[in-house]
Amino acid sequence: MKILVINGPNLNMLGIREPGIYGKSSFADLLLLLDTTAKELGVEIEQYQSNHEGNLVDKIQWAYGKMDGIVINPAAYTHTSVAILDALKAVSIPTVEVHISDVDSREPFRQISYAGIACCKTIKGHGLDGYREAIEYLVNMLDKSADA
Ligand code: CA2
């Protein structure tokens, strides 16, 4: 099973500022968590981070026919990008949206998610653990649909 994990703008700066909102862990810690999760669950994980909307759209399109599931934290583009929503709809790959912070308890503009419209689940406010939960959710879901 192949899972693509996509992170949007500024998430490569994790741990550098705003630890009260995003925690103290760095982006390198997140990559380590993804490696550990891949080994534990016996899945292949490809990770991609970009600060550019078009690159994120390109990577979603790239996943078509190659990846079984997507975990995406589009960061600020969550709240603005119809292009990312359309790309997720176009590839129609089961996708889980992750937010490190609890976006519902922050500014009103963070409570709107375009990408979330195309996702089968959203995990928010669980810190980096949310990525592991999202991968576990997809693996269980895809295993069940393979059995059916
Ligand atoms: O909670 C999340 O995961 C977010 O997707 C993070 C985005 C934010 O725009 C969303 O509303 C919620 C921001 C990521 C920026 O990360 C930073 C890392 C270090 C210092 C400052 C920001």
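The values are calculated or read from the model by the stated rules, or taken from the named source; none is laboratory data. Predicted model, so just to flag it, every value in this text is computed and none were measured. Heads up, the Cβs are rebuilt from the backbone with ideal geometry, glycines too, and the neighbour counts pull from every protein chain shown. Note: areas computed on protein heavy atoms with side chains; ligands, DNA, RNA excluded. Shrake-Rupley method; radii C 1.70, N 1.55, O 1.52, S 1.80 Å.
Tell me the per residue accessible area of segment 60-131 using a 1.4 Å probe; a whole number in Å² is fine.
44 Å²
Probe radius 1.4 Å, ligands and nucleic acids ignored: give me the carbon and sulfur share of the accessible area of segment 2-143 as a rounded percent.
The value for segment 2-143 is 50 percent carbon and sulfur by accessible area.
Run the simple label-point estimate for Leu41 and Lys144 please: 7 Å along Cα→C-beta, distance reported in nm.
1.4 nm
Mind listing which chymotrypsin sites (Phe, Trp or Tyr not before Pro) in segment 1-77 are in a DSSP loop and have 15 or fewer other Cβ atoms within 10 Å?
Tyr64
Find the relative contact order for segment 2-143 and round it to a whole percent, using C-alpha pairs within less than 8 Å whose residues are 6+ positions apart.
26 percent
Ratio of the chain's C-alpha Rg to 2.2 N^0.38 Å, to two decimals?
0.97
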